[in-house]
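Chemist: Below: one structure in structure tokens.
Throughout, read-outs are computed from the coordinates displayed, never taken from laboratory work. Given the structure is predicted, the values throughout are model-derived calculations rather than measurements. Every residue, glycine among them, receives a Cβ derived from its backbone with ideal geometry; neighbour counts consider all protein chains shown.
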Amino acid sequence: MSSEKKHLLVIGAGASGLPSIRHALLYPNVEVTCFEKSNDIGGLWNYKPHKTDLSTVMKSTVINSSKEMTAFSDFPPEDTMANFMHNREMCRYLKNYAKNFGLLKYIKLNHSVVSIVRNDDYETSGKWKVRYTDGDGKESEKVFDGVMLCSGHHAIPYIPSPWPGQEKFKGKITHSHDYKDQRGYEDKVVVVVGLGNSGGDCAVELSRVSKQVYLVTRRGSWVFNRLFDRGEPVDMVFNSKFQMFLSQTIPAPLVNWNFERLLNLRFDHEKYGLKPKHPALGAHITINDELPNRIACGTVRVKPAIKSFTENSIEFEDGSVVENVDEVLLATGFSFHFNLVEGGNLIKVNENKTDAYKYMFPLATSDHNTLAVIGLIQPIGSIMPISEMQARVYLETFAAGRKLPDRDQMKADVNVKREEMSRRYVESRRHTIQVDYANYMHELGDLIGCNPDMRTLWRQKPFLAWKVYFGPCVPYIFRLNGPNSWEGAENAIWDVSYRAERPTNNKLERRNGELKKQN
């Protein structure tokens, strides 16, 4: 490892930027700086009540993945934190993480990046010239050895092409990015377009105060609950090394059949007008605990795709018409681009498709791999541990000199992933950066040698091996061995069950990694 300091820029102090700073600090030859555009850290999870171009959540948003599966690998959440945290708690967790590891002094708030271009000596050095403005609006320029783009992909709303007659519509059309809460929607007829997680959440929330909510979905969706049998968080049940082995061994049609069987036991998707033609794992899943109840109550009614608008009404593809529509809420997803990097001419994006090795190393910069995109993935599972793992991979290459495949091998990997995605998922601009949490974490772990050494664990610590293999694939298991292993990982793994039950059972005691219930 070179003794010369490398200057690293992290752009964004949210759920991807914070672990990038934290892991950069583990390398003595790295000097890290973070530019955060806003006046606070937390990114998406720092709720912004005003209209903003930054990524944000609804006032009522809670996380879709459980806290143990969402945590960073060396910072287990407090035992009293809810399994599915409200955005306030999620933001508090991120701020506690930053405070615990002393990250704040490396973050420059109100610093906005204007442009990133290859430095004059890029061919030999791989360096980047970054132009930015500070809180006073003063523009400056600085050269960095490496850049980590951690600004997320929920800031640029995707607005579909206008429907016939839309220009005549007298009601209000808003994207879900600008939706904060239900105020202003009382006693109105609202049409929510899109049945992703945002669309489902908006429809459910508005159904309590609006006169009527219509939920528009072109193809339907399989709806997952946050909780599985006996109230276990669903992601802790289905994300394990054992389940990963089963999914790789059992034919995909059988896996999908079983998931559909379980989902239909909760509510029959066909009876509720939500059953899609694609299999359960053929699209990004929708997580919503209340939608079937709101449909059963009639406060949410499911509609097919929009055909056309008039001044006050909307006609749907099945010929039905809803009159006197007041509001249309577009939960139609987001777009991303890399216009900061040489005006978008270097790393090209077409309909949310870009060529990046492991979704983080753009092929356009594979000559040095000193620029990486962190968190540009749409996981079935939590994004935060994945962002952290991507940061670890980048820093092992940037600071420790670990080699990556050459450009041809990277391109082959990109093509294979694109083909696999095409076979599995329905064609959609949202299915371009899709990953399965456990599989992708292990894929990244292979690159830096931090996957659990199961052979050694079975031989030396069989009870821990059992928990690692059959228990939830929590982030701590990737710190048992490999670069920058963490001595607290084993205890963190043993205490997972305690921390998951403690928020809902205050009679629970912990004794040496075991649970004891008070009488």
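Chemist: How large is the translational diffusion coefficient of segment 368-506 in µm² per second when you combine the Kirkwood radius over alpha carbon pairs with Stokes-Einstein at 20 °C and 1.002 mPa s? Mind showing how you got there, number by number?
Modeler: Numbers: Rh = 16.9 Å.
Stokes-Einstein gives a translational diffusion coefficient of 127 µm²/s.
Chemist: Greater than 28 Å separation of Cα atoms is the criterion. Which listed pairs, 129/417; 48/417; 48/172, meet it? Intermediate results must be reported in sequence, preceding the final value.
Modeler: Numbers: 129/417 32 Å; 48/417 36 Å; 48/172 21 Å.
As for pairs spanning more than 28 Å Cα to Cα, those are 129/417; 48/417.
Chemist: Place a +1 charge on the Cβ of each Lys and Arg in the chain and a -1 charge on the Cβ of each Asp and Glu, then give the dipole magnitude about the Cα centre in debye, rounded to the nearest 20. Walk me through the numbers on the way to the answer.
Modeler: Numbers: 68 positive and 62 negative charges, 162 e Å.
Dipole magnitude for the chain comes out near 780 debye.
Chemist: A further question follows. Ignoring everything except DSSP H segments at least 4 long, calculate the 222 nm mean residue ellipticity for the chain; use -39,500 (n - 2.57) per segment, divide by total residues, nearest 500.
Modeler: The per-residue figure over the chain is -8000 deg cm²/dmol.
Chemist: So, counting K/R as plus one and D/E as minus one, what does the shell of residues with Cβ under 9 Å around residue 225 add up to? Please report the intermediate quantities before stating the final value.
Modeler: Numbers: positive: 226, 266; negative: 289.
Spelling it out: positives minus negatives among the neighbours equals +1.
Chemist: List the residues whose amide H sits under 5 Å from the amide H of residue 227, counting only those 5 or more places along or on another chain, with H placed 1.01 Å from N in the peptide plane.
Modeler: Distant-sequence amide H within range of residue 227: 234.
Chemist: According to the square roots a ≥ b ≥ c of the eigenvalues of the Cα gyration tensor, what is the shape class of segment 92-228, taking rounded for a/c under 1.5, prolate for a/b larger than b/c otherwise, and oblate for the remainder?
Modeler: Working: a/c = 2.45, a/b = 1.94, b/c = 1.26.
Prolate, since a/c reaches 1.5 and a/b exceeds b/c.
Chemist: State the answer as a single residue: which of 373, 176, 384 lies farthest towards the positive end of the charge dipole of the chain, with beta carbon charges of +1 for Lys and Arg and -1 for Asp and Glu, about the Cα centre.
Modeler: Sorting the options by dipole projection puts first 384.
Chemist: Give me the lysines in straight-line cross-link reach of residue 5: C-alpha distance below 16 Å, same-chain residues under 8 apart excluded.
Modeler: Straight-line reach from residue 5, under 16 Å: 127, 142.
Chemist: Ordered by packing density, taken as the mean number of other Cβ atoms within 10 Å over each peptide's residues, highest first, how do 91-97, 473-479, 41-47 rank?
Modeler: On the way: 91-97: 20.1, 473-479: 26.1, 41-47: 23.7.
Averaged packing, sorted descending, gives the order 473-479, 41-47, 91-97.
Chemist: Something else: Taking only C-alpha pairs under 8 Å that are 6+ residues apart, what is the relative contact order of the chain in percent?
Modeler: Details: 1004 pairs, mean separation 97.4, N = 519.
Computed over the chain, the figure is 19 percent.
Chemist: A further question follows. Quick one: if you stick a label point 7 Å off each Cα along the C-beta vector at residue 297 and residue 121, how many nm between them?
Modeler: About 6.6 nm, to one decimal.
Chemist: Roughly how big is segment 159-332's charge dipole about its Cα centre, with Cβ charges of +1 (Lys, Arg) and -1 (Asp, Glu), in debye to the nearest 20?
Modeler: Details: 22 positive and 22 negative charges, 56 e Å.
Dipole of segment 159-332, to the nearest 20 debye: 280 debye.
Chemist: How high is the relative contact order of segment 336-489, given as a whole-number percent (alpha carbon pairs under 8 Å, six or more residues apart)? All intermediate terms of the calculation are to be shown ahead of the outcome.
Modeler: Working: 163 pairs, mean separation 30.5, N = 154.
Result for segment 336-489 is 20 percent.
Chemist: Using θ = phi - 60° and the Karplus form 6.51 cos²θ - 1.76 cosθ + 1.60, what ³J(HN,Hα) does each residue of segment 335-345 get, whole Hz, x for Gly and Pro?
Modeler: Calculated HN-Hα couplings, in order: 10, 9, 8, 10, 5, 5, 8, 6, x, x, 7 Hz.
Chemist: How much length is gained if the chain between residue 187 and residue 88 is pulled fully straight, taking 0.36 nm per residue apart and subtracting their Cα-Cα distance, in nm to one decimal? Write down the numbers at each step before the final one.
Modeler: Details: separation 99, 0.36 × 99 = 35.64 nm, distance 2.83 nm.
Full-extension gain reported as 32.8 nm.
Chemist: Can you give the FRET efficiency to the nearest 0.05 for residue 505 and residue 140, using r as the Cβ-Cβ distance and R₀ = 45 Å? Write down the numbers at each step before the final one.
Modeler: Numbers: r = 53 Å, r/R0 = 1.18.
The formula returns an efficiency of 0.25 here.
Chemist: How do 339-346, 30-37 rank on mean C-beta neighbours within 10 Å, highest first? Show your work: numbers first, answer last.
Modeler: Working: 339-346: 14.9, 30-37: 20.6.
Highest to lowest by the protection proxy: 30-37, 339-346.
Chemist: Name all residues of segment 1-39 having a backbone nitrogen under 19 Å from the label point set 7 Å from the Cα of residue 403 along its Cα→Cβ direction, giving them as ranges.
Modeler: Hits in segment 1-39 for residue 403 at 19 Å: 1-2.
Chemist: Of the peptides 14-25, 281-292, how do they stack up when ordered by the mean number of other Cβ atoms within 10 Å, highest first? Kindly include the intermediate steps, with their values, before the conclusion.
Modeler: Details: 14-25: 26.7, 281-292: 20.0.
Descending mean neighbour count gives 14-25, 281-292.
Chemist: Now for a separate question. How many angstrom lie between the Cα centre of segment 115-174 and the Cα centre of segment 326-363?
Modeler: Going from one Cα centre to the other spans 10 Å.
Chemist: Something else now. Assuming 0.692 mPa s and 37 °C, estimate D for segment 253-412 with Stokes-Einstein, Rh taken as the Kirkwood radius over Cα pairs, in µm²/s.
Modeler: Values: Rh = 20.1 Å.
In µm²/s, the coefficient is 163.
Chemist: First measure r as the distance between the Cβ atoms of residue 261 and residue 26, then evaluate 1/(1 + (r/R0)^6) with R0 = 35 Å and state the FRET efficiency to the nearest 0.05. Walk me through the intermediate numbers first.
Modeler: Numbers: r = 45 Å, r/R0 = 1.29.
Plugging the Cβ-Cβ distance into 1/(1 + (r/R0)^6) gives 0.20.
Chemist: Modelling each spin label as a point 7 Å along the Cα-to-Cβ direction, I'd like the residue 80/residue 219 distance in nm, to one decimal.
Modeler: The modelled label-to-label distance comes out at 4.5 nm.
Chemist: Using the Karplus curve 6.51 cos²θ - 1.76 cosθ + 1.60 with θ = phi - 60°, what ³J(HN,Hα) values do you get for each residue of segment 123-134, in whole Hz, with x for Gly and Pro?
Modeler: Residue by residue, segment 123-134 yields 3, 9, 9, x, 7, 10, 9, 10, 9, 8, 10, 9 Hz.
Chemist: Among 160, 7, 196, whose Cα sits farthest toward the positive end of the charge dipole of the chain (+1 at Cβ of Lys/Arg, -1 at Cβ of Asp/Glu, about the Cα centre)?
Modeler: The one lying farthest along the dipole's positive direction is 196.
Chemist: Farthest toward the dipole's positive end in the chain, which of 21, 90, 114, given Cβ charges of +1 (Lys, Arg) and -1 (Asp, Glu) about the Cα centre?
Modeler: 90
Chemist: What trypsin sites (Lys or Arg not before Pro) does segment 313-412 have in DSSP loop regions with at most 11 other beta carbons within 10 Å? Walk me through the intermediate numbers first.
Modeler: Working: sites: 348, 353, 358, 392, 402, 403, 407, 411; in loops: 348, 358, 402, 403.
Within segment 313-412, the qualifying trypsin sites (Lys or Arg not before Pro) (loop, at most 11 other Cβ atoms within 10 Å) are 403.
Chemist: Here's another thing I want to ask about it. ³J(HN,Hα) across segment 315-327 via Karplus (A = 6.51, B = -1.76, C = 1.60, θ = phi - 60°), whole Hz, x for Gly/Pro?
Modeler: 9, 10, 4, 7, x, 6, 10, 10, 8, 6, 7, 8, 9
Chemist: Continuing with the same structure: First measure r as the distance between the Cβ atoms of residue 133 and residue 459, then evaluate 1/(1 + (r/R0)^6) with R0 = 56 Å and state the FRET efficiency to the nearest 0.05.
Modeler: Working: r = 56 Å, r/R0 = 1.01.
With R0 = 56 Å, the Cβ-Cβ based efficiency is 0.50.
Chemist: Further question: Once the other residues with Cβ under 9 Å from the Cβ of residue 6 are scored (Lys, Arg +1; Asp, Glu -1), what is the net sum? Each step should come with its number before you reach the end.
Modeler: Numbers: positive: 5; negative: 4, 31, 145.
After counting each charged neighbour, the total is -2.
Chemist: Could you give the nm distance between label points at residue 353 and residue 52, where each point is 7 Å from its Cα heading toward the beta carbon?
Modeler: If labels sit at residue 353 and residue 52, their model points lie 3.3 nm apart.
Chemist: Calculate the all-directions average of the projected area of segment 306-392's alpha-carbon convex hull, and give it in nm².
Modeler: On the way: hull surface 36.6 nm².
Directional mean of the projected Cα hull area for segment 306-392 stands at 9.2 nm².
Chemist: For segment 439-483, take the convex hull of the Cα atoms, compute a quarter of its surface area, and give me that in nm², please.
Modeler: Numbers: hull surface 11.8 nm².
Projected area, direction-averaged: 3.0 nm².
Chemist: Expressed in nm², what is the orientationally averaged projection area of the convex hull enclosing the Cα positions of segment 159-332? Working shown, then result.
Modeler: Numbers: hull surface 43.9 nm².
For segment 159-332, averaging the hull's shadow over all directions gives 11.0 nm².
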